[in-house]
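Working notes for the structure below.
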Amino acid sequence: MSEQMNDTLGVKRQPPPHFSFSEPYWEATREGRLVIQYCRKSGQYQFYPRPVSVFTGSRDLEWREVSGRGVVFTYTVANMARPPFAGHTPFLVAAITLDEGVNVIGNLINCPLDKAAIGMRVRKTWAPLPDGTNLLMFEPDE
Amino acid sequence: MALRDNAIIGFAETKIEARAGRHVWELGGEVLESLIASTGTEKAEIDGMLINASISGAGNCFWSQTTAEFLGLELDFCQTVDIGGSSAVGAVARAAAALDAGLCTTILLLNIDTQATDQATLNMRSFHDEWQYPQGLLGGPADFGLLSRRYDHLYGLDVEALGKLAVTQRNHALLNDNACEKLRKPITVEDYLNSRMIADPIRLLDCVMTCDGGNGLLMTTRKRAKEKGLDNFAVPLGYGERTNYRANENLTDITETGHCIAGQKAFAQAGLKPQDMGSYQPYDDFLIAVMIKLEMLGFAKRGQGAAFIKEHNLAHDGDLPINTGGGQISAGQPGLAGGGVNLIEGVRQVFGKGGARQVKNREYALVTGIGGLRYVRNWNTSTALILGAEG
């Protein structure tokens with residue numbers, strides 16, 4: 001029998017603090033768009049947002065919208081959690097390799113435990129935050 | 001002057017306690033007093049100090065100088081080492097560099113933390129608050145859950161081998177009077193396998209328990225140690241360190257760590273091989289870190305760490321004694337002084353002061369450090385230190 005996982009959609013989260021150089025990411029989430037930094041010089045994306053390109057040290061970075069589709073790189077089950085996540089366990093947290101070639105951490109929702117697998121295709125989904133921004137999550141891409 | 005021209009002339013350690021109920025500097029005082037007594041050193045001879053950035057001291061931007069003030073130390077060199085669980089091992093190389101450069105002549109290496117008593121949480125100005133905690137990925141066990149699942153995918157995760165490691169380290173803690181009393185109870189492989197899941201596949205008995213404690217070393221030049229008439233000390237023979245391994249690559253293998261670089265460097269500098277080590281004292285926040293480092297440091301091929309664990313006797317009287325004091329997993333993790341637990345045990349074995357758990361071959365010991373956890377990576381800083389016996 002498949003173990004049903006909880007999700008964390010009901011967790012009462014405060015909006016996370018933003019670094020100045022990650023503001024464009026959060027602003028785009030208000031419209032449900034996923035944007036990540038792109039280094040023009042090396043032709044590579046990077047995540048999480050940095051003040052410089054981790055490839056060249058240059059500040060010549062642009063924000064590009066990406067599809068939010070990718071595969072599960074690895075995952076774990078949160079069997080225990082402190083507030084505000086206490087009472088919401090077990091839930092799945094995964095690292096997703098986006099098709100653009102970066103790893104991103106997010107909750108994996110709408111996915112029973114026996115379905116979760118490394119290599120599984122996933123797509124982005126959003127969980128609203130109280131300040132109007134959205135938190136990135138993933139679900140099976142079927 | 002070189003790394004090996006320096007000497008560790010004394011070691012000290014408080015008992016590790018689930019909750020000490022004492023101020024962190026009281027533990028520092030206990031370590032200082034013990035080092036002065038065991039090495040026949042006058043306090044006034046100590047003219048240098050390195051201290052770990054502790055969780056209980058977090059927020060004090062004057063941490064090293066304030067600690068020196070409270071301990072009554074007048075110094076020519078004073079510095080906090082802030083590479084997390086790598087700080088204790090990293091301090092040995094930094095102390096040697098300071099001695100080589102003539103910045104000081106006798107240096108205290110102090111590691112203290114009372115994270116449990118202070119109920120202090122790690123104050124990290126990092127990516128966690130923005131990119132990790134909102135997702136419910138709440139700390140070390142979850143990070144190691146991600147790492148372990150990936151290892152399982154690539155090589156298969158042999159939990160029986162991890163269970164053997166858990167039992168071996170626990171048996172060592174039973175022989176260690178400084179180990180946390182709460183942890184000094186025998187366990188079996190079944191106990192390990194049946195311990196509850198924290199962050200599947202990480203079980204409770206994969207993890208360290210947060211404790212209070214302190215430890216330290218006293219170092220000087222080898223020349224000065226001999227002039228003092230000391231005839232038993234430990235010499236740092238090889239050292240390697242790597243922070244943010246493959247920092248400028250996106251999709252790295254998270255089961256490969258900076259220890260492959262740090263280990264190569266340490267062995268090359270020492271002119272030794274893994275097979276020469278009389279004991280191995282790896283930093284153990286989680287059991288799988290011990291196994292992965294066997295692969296990174298050249299004891300076993302990639303993916304063969306579990307086979308190595310099963311094929312070898314890892315007890316103090318075995319062919320490769322591992323974490324002979326119980327490691328942090330079975331002796332307790334005194335916050336960010338935790339790296340000193342593995343380091344002090346390595347020094348103790350090289351001194352031949354292991355008592356009931358003394359290893360047969362005290363000539364060389366390998367100690368490692370792990371500092372900080374990264375975003376979909378393994379850890380920030382990897383350190384490896386080879387110690388040799390002299391006298």
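For every residue, the table says whether it meets (1) among the acidic types (D, E); (2) buried (at least 20 other Cβ atoms within 10 Å of the Cβ); (3) under 20 Å from B:F144 (Cα atoms); (4) more than 10 Å from every other protein chain (Cβ to nearest Cβ).
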| position | (1), (2), (3), (4) |
| --- | --- |
| A:Q37 | no, yes, no, yes |
| A:R40 | no, no, no, yes |
| A:S67 | no, no, no, yes |
| A:Y75 | no, yes, yes, no |
| A:M80 | no, no, yes, no |
| A:I105 | no, yes, yes, no |
Problem - Those residues of segment A:42-63 which are surrounded by 18 or more Cβ atoms within 10 Å (Cβ to Cβ) and either modelled with pLDDT under 95 or more than 12 Å from chain B (Cβ to nearest Cβ) (or both), in sequence order - result: A:L61
Handout entry: Qualifying positions in segment A:88-103 - facing chain B (nearest Cβ under 7 Å) and part of a loop (DSSP other than H, G, I, E, B)
Key = A:G101, A:V102
Handout entry: Single unsatisfied condition, A:F85 versus (1) within 8 Å of another protein chain (Cβ to nearest Cβ); (2) without any contact (Cβ under 8 Å) to a residue 40 or more places away in the chain; (3) part of a loop (DSSP other than H, G, I, E, B); (4) under 29 Å from B:P141 (Cβ atoms)
Key = (2)
Exercise for the section: Specify the residue that is surrounded by the most Cβ atoms within 10 Å (Cβ to Cβ); the eligible residues are those in segment B:37-57 that are touching a residue at least 40 places away in the same chain (Cβ under 8 Å) and not in a loop (DSSP other than H, G, I, E, B). Expected result: B:N52
Problem - Search result, residues across segment B:1-52 that are of a type in the set (S, T, Y) and under 21 Å from B:G369 (Cα atoms) - result: B:T14
Handout entry: Only one of B:D118, B:D158, B:D152, B:D100 that is at pLDDT below 95 and acidic (D, E)
Key = B:D118
Exercise for the section: Sort out which residues of segment B:133-192 are in a helix (DSSP H, G or I), among the acidic types (D, E) and either away from every other protein chain (no Cβ under 14 Å) or surrounded by fewer than 17 Cβ atoms within 10 Å (Cβ to Cβ) (or both), and write them in order of number. Expected result: B:E160, B:E181, B:E190, B:D191
Completion exercise
Exactly one of B:G388, B:G354, B:G326 is within 18 Å of the chain's Cα centre (by Cα) and within 21 Å of B:I112 (Cα to Cα), and that residue is B:G326
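The values are calculated or read from the model by the stated rules, or taken from the named source; none is laboratory data. Keep in mind the model is a prediction, meaning the values are calculated, not measured. Don't worry about glycine lacking a Cβ; one is built from the backbone with ideal geometry, like all the others, and counts go over all protein chains shown.
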